[in-house]
1. Go through the stretch A:91-124 residue by residue and tally those that are assigned to a helix (DSSP H, G or I), closer than 29 Å to residue A:149 by Cα and facing another protein chain (nearest Cβ under 7 Å).
2. Any residue at all in the stretch B:122-132 that's outside any loop (DSSP other than H, G, I, E, B), closer than 30 Å to residue A:214 by Cα and without any contact (Cβ under 8 Å) to a residue 40 or more places away in the chain?
3. Consider residue A:43 against the criteria (1) part of a loop (DSSP other than H, G, I, E, B); (2) out of contact with any helix residue (DSSP H, G or I) (no Cβ under 9 Å at 6 or more places or on another chain): it satisfies all of them except one. Which criterion is unmet?
4. Of the conditions (1) within 23 Å of residue A:191 (Cα to Cα); (2) in contact (Cβ under 8 Å) with a residue 60 or more places away in the chain, residue B:33 fails just one. Which one is it?
5. Which residues, taken from the stretch A:137-159, are under 24 Å from the mean Cα position of the chain (by Cα) and either within 25 Å of residue B:260 (Cα to Cα) or in contact (Cβ under 8 Å) with a residue 24 or more places away in the chain (or both)?
6. Would you mind telling me which numbered condition in (1) at the interface with another protein chain (Cβ under 9 Å from one of its Cβ atoms); (2) within 21 Å of residue B:247 (Cβ to Cβ) residue B:28 fails?
7. Taking the conditions exactly as written (closer than 30 Å to residue B:7 by Cα and either buried (at least 21 other Cβ atoms within 10 Å of the Cβ) or within 10 Å of chain B (Cβ to nearest Cβ) (or both)), does residue A:186 satisfy them or not?
């Protein structure tokens, strides 16, 4: 039906597009493997020759990236665990349990989508600072720094979200009714029904949500910038910007640090690509 | 005890953790921006009632108004150009060609990276002397550009990086939308003699309108909150050319400790996002087709 050569033309254009999108990532990796003399050469050399691995140990020595990495892992993993559990629990209740006010609660949860975190950063900061009984604060929320500069403070904005609850609810809605009814007849508690019968059936949704929450927590910048003071609490993104301010144009070193901060999410992304794209498609089609 | 009452108790208990977290992360803070916008608050002293004076000063503050214009400029160009790019790529990579999934991966790989990482990579690409982009320009005989330090190119440079970083995400949404269009539609159109560009405008685009609307809304809301790129690449400069509303909120709240004033700025941003969503909704609901 199509004119001859159409396929080849489409293929070439697709290849060009893919290359354009891929070049910056490759350029980061290539630069990270170049010695300073090769980074600053005119015209730019494309390939590092010889391969120079020194930027990686040098970056690790110039800033405590291992510590930043650990902080990012702690924050992202806790965010995933809390968010997935809390969202599954709420999504299950909203889909399968009957209680007065259910619809109203669901609408209230959805309404929080209209409140992006950047908009509420000031009061969120104040709430954390005056959180009672934490970080040297008394019962009235004064005296110390509250949850500032702490892991719980970092996790809070990612710990629950309307998107996750909505996603889980949609999944629970698709499961057949008689599953929990027969368990109820046998006298299983509601939590047991949830944890041992229903939860295993929504693993795909949990995986999707986990990947999203991980990426969001790992990549966020403004929130750690605002609430973290001490170097040992820096996340990777925060550490990376401070590093850049110090080594402004040492691009070999900077690209090595950037690569180290990006490779975990890139690998995760490649491994979970299906989960990821299905999740994106789902979020696009079902809202 | 009946099933009903145990279900009721379990229902409330199960939604409770989510509600508590959302209350602290969203509910209380949204009330907070309205409350603090009416006060003078330096964090060191408790907030003092200030009435609508903050909102009035914000409305008359040239730095803020400039940032508001920058924010709209950034959001409008990023979303319009970006969603066009994402849609074209989705159409391209929806064709049955060899290596299609590898091409898709390349396009949406960038969106897995953080804006900090993306900003650093592009700062290096935009480097006036040793950067890749100027090397390319020099190669084809065009004068090098001071991408990030020239007020007229700084924002476009950030826009390019943002489109690069985010298009892949929306391409996936478009691909899902394209796959949702029933094949029979195209077959019917082909019998009527419509194919290629005509079938795109008479079938694909109208049926894709809900997806287009969705992408524009989500992307606009995100773009209105641009901060990281400006913070890392330009510090809001040169001469305020890349300063955004969130950047001003950050500066006023956490550098100058004017939390009341920053809250008033947040209220304006919140209103802008809200109006934008409603407006988009109005415009696009007219063009939406259901099938």
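1. 7
2. Of the stretch B:122-132, the ones outside any loop (DSSP other than H, G, I, E, B) are B:122-125, B:132.
Remaining after also requiring closer than 30 Å to residue A:214 by Cα: B:122-125.
Those still in the list that are without any contact (Cβ under 8 Å) to a residue 40 or more places away in the chain too: B:124-125.
The answer is yes, given that some residue of the stretch B:122-132 is outside any loop (DSSP other than H, G, I, E, B), closer than 30 Å to residue A:214 by Cα and without any contact (Cβ under 8 Å) to a residue 40 or more places away in the chain.
3. Residue A:43 satisfies every listed condition except (2).
4. Here residue B:33 meets the rest and fails (1).
5. So the first thing to find is which residues in the stretch A:137-159 are under 24 Å from the mean Cα position of the chain (by Cα), and the list is A:147-159.
The answer is A:147, A:148, A:149, A:150, A:151, A:153, A:154, A:155, A:156, A:157, A:158, A:159.
6. (2)
7. Working: closer than 30 Å to residue B:7 by Cα: yes; either buried (at least 21 other Cβ atoms within 10 Å of the Cβ) or within 10 Å of chain B (Cβ to nearest Cβ) (or both): no.
Considered against the rule, which asks whether it is closer than 30 Å to residue B:7 by Cα and either buried (at least 21 other Cβ atoms within 10 Å of the Cβ) or within 10 Å of chain B (Cβ to nearest Cβ) (or both), residue A:186 comes out as no.
Condition check ((1) touching a residue at least 24 places away in the same chain (Cβ under 8 Å); (2) within 30 Å of residue A:198 (Cα to Cα); (3) touching a helix residue (DSSP H, G or I) at 6+ places or on another chain (Cβ under 8 Å)) across all residues:
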{"site": "A:89", "(1), (2), (3)": "yes, yes, yes"}
{"site": "A:97", "(1), (2), (3)": "yes, yes, yes"}
{"site": "A:107", "(1), (2), (3)": "no, yes, no"}
{"site": "A:110", "(1), (2), (3)": "yes, yes, yes"}
{"site": "A:117", "(1), (2), (3)": "yes, no, yes"}
{"site": "A:122", "(1), (2), (3)": "no, no, yes"}
{"site": "A:132", "(1), (2), (3)": "no, no, no"}
{"site": "A:135", "(1), (2), (3)": "no, no, no"}
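The values are calculated or read from the model by the stated rules, or taken from the named source; none is laboratory data. The shown structure was predicted, so the numbers you read here are calculated from the model rather than taken from an experiment. Using ideal geometry, Cβ is built from the backbone for each residue, glycine included, and neighbour counts are taken over all protein chains shown.
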